[in-house]
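Below is one structure; the comments refer to it alone.
The values are calculated or read from the model by the stated rules, or taken from the named source; none is laboratory data. Quantities reported herein were computed from a predicted structural model and do not represent experimental measurements. Every residue, glycine as well, gets a Cβ built from its backbone with ideal geometry; the counts of neighbours run over all protein chains shown.
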């Protein structure tokens with residue numbers, strides 16, 4: 001696989017919103033926003049409420065510093081208001 005074809009896989013991703021062609025996601029407490037045009041084959045999340053696998057190109061993960069797993073963050077004391 002060429003470097004341009006490399007992907008990063010995030011498991012247990014929750015989609016919080018799916019408006020305007022952008023998925024607003026959460027992965028172990030970290031926010032992730034990704035354009036639906038950047039979803040790679042193998043992605044199982046597509047719309048608000050989905051939970052599963054998010055697959056994105058490695059170049060995007062590198063650009064957004066999402067390629068290095070981080071430990072889960074503590075749960076917020078209050079839920080975000082919409």
Practice task
Considering each of 77, 11, 24 in turn, give the residue that is assigned to a loop (DSSP other than H, G, I, E, B) and either over 13 Å from the mean Cα position of the chain (by Cα) or at pLDDT 85 or above (or both).
Solution key: 77
Exercise for the section: Kindly provide the set of residues from the stretch 37-74 that are outside any loop (DSSP other than H, G, I, E, B) and either in contact with a helix residue (DSSP H, G or I) (Cβ under 8 Å, 6 or more places away or on another chain) or modelled with pLDDT under 90 (or both), ordered by number. Expected result: 38, 56, 57, 58, 59, 60, 61, 62, 63
Exercise for the section: Only residues in the stretch 9-34 that are in contact (Cβ under 8 Å) with a residue 40 or more places away in the chain count as the first member; pair them with residues that are surrounded by 12 or more Cβ atoms within 10 Å (Cβ to Cβ), Cβ under 6 angstrom, at least 6 apart or cross-chain, and list the lot. Expected result: 9/55; 10/27; 10/54; 11/53; 13/25; 13/27; 13/45; 13/54
